1. Can you send over the solvent-accessible area of GLU14, 1.4 Å probe, protein chains only, in Å² to the nearest 10?
2. In segment 19-67, carbon and sulfur make up what percent of the accessible area (probe 1.4 Å)?
3. Sticking with the crude label model, points 7 Å out along Cα→Cβ, report the distance from ARG56 to ARG15 in nm, one decimal please.
4. Considering amide H positions built from the backbone, and no H for Pro or chain starts, which residues 5 or more places from ASP27, or on another chain, come under 5 Å of its amide H?
Amino acid sequence: MDEETRHLTGPADERLMCASCGRSADDATAPATWVCSVESGRRQYLCDVCARTHLRAIEGRLDSDWW
C-alpha cells in the first residue's frame, strides 16, 4: 500500500463512521465520496451527505465545532 492510499482505511476489524451523523461505511475502507480531515491530531471522516452540507465550512477550514 502506498502513502497516498494508506489513510483511506481504518482498523481491519472496525467500520468507519461519519463524525457528524454516525453513518457507517460498508467496511473499514472509506468510500471515495467521503471526506477525511485531521482535527486535534485525530483523523475523522465525513460521509458524502455531511460533506456536501458543510462544504463551505470545510473549504474555509473552520473548526468542526463551529458547524
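The values are calculated or read from the model by the stated rules, or taken from the named source; none is laboratory data. Everything quoted here is computed from the prediction, not taken from an experiment. With ideal geometry, Cβ positions are generated from the backbone for all residues, glycine too; neighbour counts draw on all protein chains shown. Only protein heavy atoms, including side chains, enter the accessible area calculation; ligands, DNA and RNA are left aside. Shrake-Rupley method; radii C 1.70, N 1.55, O 1.52, S 1.80 Å.
1. 100
2. Values: 1720 of 3620 Å².
C and S atoms contribute 47 percent here.
3. Inter-label distance under the simple model: 3.2 nm.
4. When sequence neighbours closer than 5 places are left aside, the close amide H contacts are LEU16.
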